[in-house]
Structure formats: C-alpha cells, structure tokens
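Notes follow the structure.
What follows draws every value from the coordinates through simple rules; no lab data is involved. Being a predicted model, the structure only gives us computed values, none of them experimental. FYI the Cβ positions are ideal-geometry reconstructions off the backbone, even for glycines, and counts take in every protein chain you see.
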Amino acid sequence: MISIGIILPAAGSGIRFGGQLPKQYVLLGGKPIILYAVETSLSIDGVQSVVIPVSPTDTTLQTLLKHYSIDDDRINVVTGGNTRRDSVANALMNSSIAEVDVILVHDAVRPLASKKLFEQIIDAAYREGAAIPCVEESDTAKIVRNDFVVDTINRSEIRRAQTPQGFRRDVLVSAYNNAIRHSLAGTDDASLVEASGQRVRCIPGEPANIKITTNTDLTFAASLLSK
C-alpha cells in the first residue's frame with residue numbers, strides 16, 4: 001500500500017473573506033470549512049499523517065477538533081509561516097511524513113473535494129511523480145496590459161488547477177529546496193515542482209471542488225452541499 005502524508009495549509013488570515021474568523025473556520029452546513037478536508041483526509045487508506053500548519057497565535061483549530069470529537073493521533077498541528085510556501089516548507093520538516101511515499105497538499109478551504117479525487121491524485125502522483133486536478137476553462141481568456149487586450153489565448157490549452165496536488169515525497173522536497181534556494185514564491189505547489197524540472201500530470205478535476213474565497217463562494221458551496 002502507498003503510504004501518504006497530507007498537508008492542509010491553514011495559516012492564512014482570510015482578509016479577502018472579511019469577518020472576525022479566518023475563512024477556514026467559518027461554518028458551512030453547520031461545520032467549520034476546514035473540518036471537511038480533515039475528515040476526508042483521515043478517511044483515505046494509507047494516510048499516515050495529516051499535517052496542518054497554522055498561525056503561531058492560532059488556538060482555534062485545537063478547540064474545534066476537540067469540540068467536534070475529531071481525536072486522531074495522525075493529526076499534527078505545526079506552526080505555519082508568513083506565506084503558503086513557508087507553511088508547506090515547515091510541514092515538510094515534520095517527522096510524521098519523513099518516510100511516506102506520496103504527499104498531497106490541499107487547500108483547507110476546498111471542502112467539497114471528493115475522496116475519489118484524492119485517491120486518483122495519489123495513484124497518478126505515485127506513477128508520474130506529480131499530479132494535479134484540472135478543469136477546462138469555459139470562458140475566453142485575454143491577456144490585458146494597461147486595461148487593453150493585447151492577445152487572446154487559445155482556451156483549448158488552458159486549465160484551472162485545483163487541489164489536492166500530489167507528489168512523490170522526494171519530488172516535492174527537492175522542489176521546495178530549489179524554491180527556497182532561488183527565492184521562488186510560486187502560485188501553487190505544482191508551479192514550484194515545474195520550476196524544478198519535474199513534469200506534472202493533469203487529471204480531470206471536479207466542478208464542485210471550489211475554493212472558498214468570498215461570501216459568494218460560501219453561498220455556492222452551501223448550495224452544492226445541500227444537493
């Protein structure tokens with residue numbers, strides 16, 4: 001069986017979302033958003049550890065885990081960094097994922113990613129070295145400079161990347177070492193892996209696997225969840 005570690009970065013403040021709570025702790029269907037990702041992660045065969053980087057001052061997560069009776073010694077809460085890259089780098093140093101075959105990195109605010117999608121990414125990452133879920137772009141994509149269109153992109157070649165993104169452990173560690181050495185921020189984990197020279201397999205994502213960034217996203221997610 002493939003051994004798996006899952007990283008759920010949760011150190012962000014969610015400024016764009018607004019409100020007093022970071023968005024990962026806002027309720028969706030009567031439960032904090034992050035707990036959907038935690039529960040899905042723990043349900044997957046072969047998962048050795050779920051590492052959750054949080055803000056140094058964050059005490060909310062531990063309180064919520066206790067309140068919702070999620071008591072699993074595979075959960076490891078660690079201190080996050082100032083950026084997502086730094087948070088994932090901190091998580092990679094946790095001993096609980098030092099020997100796993102595959103590591104997934106999943107947005108804590110993508111609550112509706114299915115267990116099946118996690119499993120497909122795990123299999124593809126183990127075979128290919130790196131794999132991400134992607135959905136086709138339905139809108140026409142424009143390149144704009146100074147408020148004027150300068151080019152139109154062939155959308156047949158455009159995909160929107162989702163998470164979980166999966167990597168063989170050595171591939172992800174090597175990519176992060178390269179990113180830190182060259183001060184690369186990246187837009188997602190796959191972009192750092194791409195920068196290291198590793199090819200990334202794209203598999204079909206899920207339309208319902210939305211990232212909750214605004215209140216509109218939350219309303220849409222609640223509608224999807226009710227169905």
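Quick look at the values:
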quantity	calculated
Sum of -39500 (n - 2.57) over DSSP H runs of 4+, divided by residues of the chain (222 nm, nearest 500)	-9500 deg cm²/dmol
Cα centre as origin, Lys/Arg/Asp/Glu Cβ charges: the chain dipole, Debye	320 debye
Cβ-based charge dipole, the chain, positive-most Cα from GLY29, ASN94, TYR176	GLY29
Per-residue Cβ neighbour rank within 10 angstrom, fewest leading, ARG181, ARG74	ARG181, ARG74
Burial order of peptide ranges 163-176, 46-59 (average beta-carbon count within 10 Å, highest first)	163-176, 46-59
Shape call, the range 80-215: gyration tensor on alpha carbons, a/c limit 1.5	prolate
The range 30-95 shape via C-alpha gyration tensor axes, a/c threshold 1.5	oblate
Modelled FRET efficiency - R0 22 Å, LEU42 with SER95, Cβ distances, 0.05 increments	0.70
Spin-label zone in the range 49-64 - amide nitrogen under 15 Å from a point set 7 Å from the Cα of THR79 along the C-beta vector	53-59
Peptides 26-34, 102-110, 212-220 ordered by average Cβ neighbours within 10 Å, highest first	102-110, 26-34, 212-220
Computed FRET value (nearest 0.05) for VAL150 with SER114, which takes r as the C-beta separation and R₀ as 41 Å	0.60
Computed label-point distance, nm, for sites ILE143 and ARG199 using a 7 Å Cα→Cβ extension	2.5 nm
DSSP bridge pairs, the chain: antiparallel proportion in percent, nearest 5	45 percent
Filter on LYS142/LYS211; LYS31/LYS211; LYS66/LYS115 - keep pairs with C-alpha separation over 18 Å	LYS142/LYS211; LYS66/LYS115
